[in-house]
């Protein structure tokens with residue numbers, strides 16, 4: 001039986017990690033180590049100065065042990081592998097993230113960063129993401145099928161599988177596209193809104209506008225066309 005480590009960047013009690021844990025439990029013994037709160041957008045960041053805490057928490061699926069952590073998602077993977085799990089896991093899953101991780105956004109994603117940490121620990125790792133809406137039917141329909149296939153297709157320590165589910169009703173999903181390359185386009189075209197503060201300083205808030213343009217064969221093009229996108233992300237550092 002496989003031992004599977006789950007993490008995310010939306011928090012240990014997020015809906016996405018609960019749904020992923022339910023699906024993963026059919027393939028082995030599942031352990032969860034995830035941030036106690038939202039930690040999106042911090043990429044592969046680690047806690048190197050100071051310390052962080054981890055503690056066991058109740059999880060709504062029987063027989064799954066879960067830990068909350070004050071560190072980053074990458075910290076969660078490291079502490080899970082090195083300290084919390086009784087043995088090294090056979091696979092590491094990150095997600096299901098609330099928000100796509102495609103194109104150049106991959107470099108910011110803590111979901112992807114945590115999956116890369118799993119790969120760095122020589123554990124086959126997969127990142128899962130979907131849209132920010134309330135429609136989860138596509139992910140729930142295809143998740144188990146994809147898990148079964150990817151668990152039998154492990155990658156090396158520089159690469160992870162990156163899976164994105166489109167944010168459309170199941171009836172509009174056109175299926176799965178494999179071997180999607182990472183789009184060179186931004187998924188969001190960001191600007192900053194400025195607000196004058198009483199102190200005289202300026203406050204900046206990011207404002208994202210979705211990009212509806214992407215090349216054929218890419219992850220971004222796949223989800224824009226209502227396909228599940230599966231591709232390999234490679235760490236270049």
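Going by what's in this entry, would residue 129 be described as modelled with pLDDT of 95 or more, touching a helix residue (DSSP H, G or I) at 6+ places or on another chain (Cβ under 7 Å) and under 21 Å from residue 11 (Cα atoms)? So residue 129 passes the test. Taken over the stretch 1-13, the criterion of being more than 17 Å from residue 113 (Cα to Cα) and either buried (at least 20 other Cβ atoms within 10 Å of the Cβ) or at pLDDT below 95 (or both) is satisfied by 1, 2, 4. Considering the stretch 1-120, the qualifying helices (runs of 4 or more DSSP H), each wholly inside and each with 3 or more residues that are within 25 Å of residue 134 (Cα to Cα), run over 15-24, 110-120. Take the conditions (1) loosely packed, with under 13 Cβ neighbours inside 10 Å; (2) on the phi < 0 side of the Ramachandran plot; (3) modelled with pLDDT of 95 or more; residue 179 misses just one of them, which is (2).
Note on the stretch 29-41: residues that are in contact with a helix residue (DSSP H, G or I) (Cβ under 7 Å, 6 or more places away or on another chain) and modelled with pLDDT of 90 or more total 8. Scanning the stretch 35-64 for residues that are touching a strand residue (DSSP E or B) at 6+ places or on another chain (Cβ under 9 Å) and under 16 Å from residue 82 (Cβ atoms) returns 52, 53, 54.
When the strands (runs of 3 or more DSSP E) confined to the stretch 154-225 are screened for residues that are in contact with a helix residue (DSSP H, G or I) (Cβ under 8 Å, 6 or more places away or on another chain), those reaching at least 1 such residues are found at 159-165, 188-196.
With respect to being more than 15 Å from the chain's Cα centre (by Cα), surrounded by fewer than 21 Cβ atoms within 10 Å (Cβ to Cβ), under 21 Å from residue 112 (Cα atoms) and at pLDDT below 95, residue 82 falls outside the description.
The values are calculated or read from the model by the stated rules, or taken from the named source; none is laboratory data. The structure presented is a predicted model; accordingly, all values stated were derived computationally and were not measured. Note that we place each Cβ from the backbone using ideal geometry, even for glycine, and neighbour counts take in every protein chain shown.
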